[in-house]
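Report on the structure given below.
What follows is calculated from the coordinates using simple rules that are stated; it is not laboratory data. Source: prediction; values computed, not measured. Every residue, glycine as well, gets a Cβ built from its backbone with ideal geometry; the counts of neighbours run over all protein chains shown.
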Amino acid sequence: MPDNCLFCKIIRGEIPAEKLYEDDDVLAFRDIAPQAPTHFLVIPKKHIKGPEAVQPEDEQVFGKMMRVGNEIAQKEGIPHFRVVFNNGAEAGQTVFHLHMHILGGRALNWPPG
Ligand code: AMP
């Protein structure tokens, strides 16, 4: 886990976060700057720099992120939600540790801006 990665620091407990779920493979926590009434992130504990870096051995944890994200969304009362992965700076990625955004609780426009 890289020393200077923000999300690795959250995993290690060095930076606080409002955790929603945690197990050996994944961690979910609320986004610090929510873009919808409910906005949380699901990340693998393994440091993967982004969607483009997902390897065959990561396929199981990638699927788990989706299952866990959906279960949290249902508990949070957002049966309709949006899933976002930003890949690369021009796509809006600012933290280079793979993360799945889940947003809901308001109408979401399509296509996104
Ligand atoms: P992205 O722009 O796709 O890389 O998303 C990074 C997300 O991480 C943004 O939505 C930020 O608001 C969020 N974020 C940054 N720092 C923190 C933090 N300390 N705790 C929770 N979320 C954070």
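Let me have the 222 nm mean residue ellipticity of the chain computed from DSSP H runs of 4+ only, each contributing -39500 (n - 2.57), with the sum over all residues rounded to the nearest 500.
Numbers: 2 runs with 25 residues, N = 113.
Computed mean residue ellipticity for the chain: -7000 deg cm²/dmol.
Where does the chain land on Rg/Rh, using Cα atoms and the Kirkwood Rh?
On the way: Rg = 13.5 Å, Rh = 14.4 Å.
We get a ratio of 0.94 for the chain.
Let me know the number of lysine pairs in the chain closer than 20 Å at the Cα, not counting same-chain pairs under 8 apart.
Number of lysine pairs found: 12.
For residue 46, what charge total do you get from the other residues with a beta carbon under 10 Å from its beta carbon, if Lys and Arg give +1 and Asp and Glu give -1?
Details: positive: 45; negative: 25, 57, 58.
Computed value for this residue: -2.
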